[in-house]
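Novice: Got a structure here, written out as structure tokens. Questions coming.
The values are calculated or read from the model by the stated rules, or taken from the named source; none is laboratory data. Treat the numbers as computed from the prediction; the structure is a model and nothing was measured. Using ideal geometry, Cβ is built from the backbone for each residue, glycine included, and neighbour counts are taken over all protein chains shown. In case anyone asks, the SASA skips ligands and DNA or RNA and just uses the protein heavy atoms, side chains included. Shrake-Rupley method; radii C 1.70, N 1.55, O 1.52, S 1.80 Å.
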Amino acid sequence: EMSLNHPVIGAILKSTKFLLRGVVWKQVNPQEDLLLPSTEFTPGQFLKSCMDDMSHTWQDHIAQTLSMLTYGFSYFEICYKRRNGEASDPPTQYDDGLIGWRKLAGRSQETVWEWIFDENGGIKGIIQQDPYSARTIPPIPIEKSLLFRTTTEKNNPEGLSMLREAYVSYRRQTQIETMEA
């Protein structure tokens, strides 16, 4: 509500997101002369080829990742594909038979029904709930996921919203505006 309805908070969040989306991602160049086995790629070139060959752009992924500023965390399922050329399903720019990223599929914060923890308090994954049917969706293990969060305090997987400290002021301002209207 705060991110959508408050002009100052919305403007700050949007400007932060646009600034971070504009960051130029440099190619990783570990040992330029080292080629990955059975390929023509260096590790940095392969990483860049995976980033550029997804069903969505890298900038779109960054934009979705930045939803963690509002919610405290963002969760993605890593979906893979075999890189077998344009005629394959799903299509790919490369025909080298390697495994690449199909997409880094964002999972809405509102659908996270339950966090799964191991016996030592480590994060094992999530269980989602379909918002339309209320049925739970099979777990997504952390090994097949990316979890971005604003804080790691107490290993809380949900982090802490950047808006948390502004909530009391926002609520009071909203109540005063409602009474004055």
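Novice: Only one of these is open to solvent by 60 Å² or more (accessible area, probe 1.4 Å), on the phi < 0 side of the Ramachandran plot and of a type in the set (A, V, I, L, M, F, W, C): I142, I176, I137. Name it. Steps first, please.
Specialist: Values: I142 fails: open to solvent by 60 Å² or more (accessible area, probe 1.4 Å); I137 fails: open to solvent by 60 Å² or more (accessible area, probe 1.4 Å).
Every option except I176 fails the conditions.
Novice: Here's something else I'd like to know. Report every pair of residues separated by at least 6 positions or lying on different chains whose Cβ atoms are under 6 Å apart, first residue within segment 80-99 and over 15 Å from H56 (Cα atoms), second outside any strand (DSSP E or B) and open to solvent by 30 Å² or more (accessible area, probe 1.4 Å).
Specialist: These pairs meet every condition: R83/Y94.
Novice: Of the conditions (1) of a type in the set (A, V, I, L, M, F, W, C); (2) touching a residue at least 60 places away in the same chain (Cβ under 8 Å); (3) in contact with a Leu (Cβ under 8 Å, 6 or more places away or on another chain), I140 fails just one. Which one is it?
Specialist: (3)
Novice: Cβ-Cβ under 7 Å, sequence separation 6+ or interchain: first residue in segment 111-127 and under 11 Å from P157 (Cβ atoms), partner assigned to a loop (DSSP other than H, G, I, E, B). Which pairs?
Specialist: From segment 111-127, the pairs are W115/P157; I123/P157; K124/D118.
Okay, residues lined up against (1) under 28 Å from K14 (Cα atoms); (2) assigned to a strand (DSSP E or B); (3) not basic (K, R):
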{"site": "D89", "(1), (2), (3)": "no, no, yes"}
{"site": "K154", "(1), (2), (3)": "no, no, no"}
{"site": "L160", "(1), (2), (3)": "yes, no, yes"}
{"site": "T174", "(1), (2), (3)": "yes, no, yes"}
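Novice: What are the residues in segment 56-87 that are more than 26 Å from R149 (Cβ to Cβ) and assigned to a strand (DSSP E or B), if any?
Specialist: Looking only at segment 56-87, we keep the residues that are more than 26 Å from R149 (Cβ to Cβ), and these are 81-87.
Matches in segment 56-87: K81, R82, R83, N84.
Novice: Right, something else. How many residues does segment 48-81 hold that are surrounded by 15 or more Cβ atoms within 10 Å (Cβ to Cβ) and either among the hydrophobic types (A, V, I, L, M, F, W, C) or at pLDDT below 90 (or both)?
Specialist: 12
Novice: Out of the residues in segment 82-133 that are touching a Cys at 6+ places or on another chain (Cβ under 8 Å) and basic (K, R), state the one that is least open to solvent (accessible area, probe 1.4 Å).
Specialist: First pass over segment 82-133, keeping only residues touching a Cys at 6+ places or on another chain (Cβ under 8 Å): 100-105.
Those still in the list that are basic (K, R) too: 102-103.
On the way: R102: 101, K103: 66 Å².
Going through the qualifying residues, I end up with K103.
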